[in-house]
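Below is one structure, written out as structure tokens; comments come after it.
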Amino acid sequence: MKRVAVGLVAAQLFAVSIVNAQTAEDMVVAVSAHMTRTTGAEDAPGMFLTTGALNRPTAGSGRFSVGRCGALTLTGRAEGPFEEGATAGWRVEIIPARVSDGAATFRLKWTRALDTSAERRPTSEDVQLTMRPGESRPMDAVVIPPDKETGRRCAVWDNRGRQVEYISVALRVSVRYRLWPLQERRMMGADLWLIERLPDGVERTQSLTVRGLPHHEIPFYFDAIRESSQSLEIFGSVTIRPEGDGTAVELATNCRWGPAAFDWRQDTNVQIRQTESQLRVKPGETVEVALRPLGDSVEPYTARRYAIRFRVQQLR
Amino acid sequence: MNDTHEVISAFLDDEPFDASELATALSDPAGRALLIDLVALRHIVQPDALVPPSLPGRRPAWRHLLAAAAMVIALVGGYFIGVRRNTVDTTEPPVPSRIVQANDWQSLPAGGGR
């Protein structure tokens, strides 16, 4: 009996490790460079130093060189010379430690090893961080000096082939999913049913089918439930994560009610509530999430009960 | 007038023509353009009175009323079927293997939240 118990626990731990490995396979740690234009807006990051997929402890290391006018270069390996004429430079190392419960723990070592600006002070950090995909943290920023020869700001080409003048560059560390949406080929689908139970026992159902990428929120909107001059709208998002032999599902549900006739320019009087559910489901399993009663203030929907039933699958 | 013109013209005038010659003529872009020109020309010069007027006589008034009533019923019925389809879906959801209680609702400030 003892052997059986130990065997069961070992099997469970093995299953957990498989699930974690599956999640880790989808995740990387990245240090990204963010350029701010002279007009004040920050561009989307266009340069990344990343680890390998976190199911294997593959470190990421490199050096960022900030060249003339903010022209940025990323070179492999933290050690080594910066680009010729660089005004600032960072050496960065990311060392993955583990992935547990969907969060990555890693060590981040970085040094601003080059800075030709007047306010020259070496800055560095050696920290252990734990983050979930989508979370990030600022690291450091430097001002891009005007061109040494002309004394004026000058433009560089951005990722879209436009000439842009930049005033500063910042580094940020984040945990994200390994594949960009354009690279992701897996497709997830969800069948959703909104079930409305009236006090007299009548049950009304709406159904929706949505599809989208794994790890990304897939929005859904049920039709408004109208009653005389009032309208109740139930909508939200479903996030589907393939994990080993099952699937993790995050169901974020919002309900919003107010006058059925509305002016979209003045929607501040609408009441909104939100609830989130995290579940693990087996392939083909249908689960019902019973929503809490809406409360006394939500007439005429107070006495009704709502539930969302769903079934998810990987379509490819 | 060349052969192309003749065969297309004969085709339009319901006169005897050689099908293979017509096919050859229409395989040429100039032949197709000619066909379009001739059709347009005939449309312009067509007399208005070619179609015989319908026979005189009045239909009973009750038939008009019946037709109008049928139209109103169809429109109103279609509208309500459409409204009903929007709110009530007859697709039966599958029976759930388990029921999970959602967490409590959190009120979001007006104009905020995702």
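With the largest listed first and rounded to whole Å, the semi-axes of the equivalent ellipsoid of region A:188-314 from the Cα gyration tensor are 28, 17, 12. GNM remark for chain A: springs join alpha carbons under 10 Å apart, and the peak mean-square fluctuation among A:89, A:134, A:212 falls on A:134. By the beta carbon rule, with partners counted only under 4.7 Å, chain A holds these lone Cys residues: A:255.
Around the Cα centre of region A:97-151, unit charges on the Cβ atoms of Lys, Arg, Asp and Glu (plus for the first two, minus for the last two) sum to a dipole of about 240 debye. Compared with the dominant principal axis of the Cα atoms in chain A, helix A:2-25 is inclined by about 60°. Per-residue Karplus couplings for region A:62-76, computed as 6.51 cos²θ - 1.76 cosθ + 1.60 with θ equal to phi - 60°, are listed in order as x, 9, 9, 10, 9, x, 4, 6, x, 4, 9, 10, 10, 10, x Hz, Gly and Pro entered as x. Give the relative contact order (percent, whole number) for chain A; include only Cα pairs under 8 Å separated by 6+ residues. Relative CO of chain A lands at 14 percent.
Here the Kirkwood formula puts the hydrodynamic radius of chain A at 23.4 Å, using every distinct Cα pair.
Just checking the listed ones, A:62, A:52, A:201: in the Gaussian network model of chain A with Cα springs under 10 Å, the one fluctuating most is A:201.
Ordered by the count of other Cβ atoms within 10 Å of each Cβ, fewest first, A:139, A:188 give A:139, A:188.
We did not get these values from a lab; they are worked out from the coordinates using the rules stated. None of these values were measured; they are calculated from a predicted model. For neighbour counting, all protein chains shown are included, and Cβ atoms are generated from backbone atoms with ideal geometry for every residue, glycine included.
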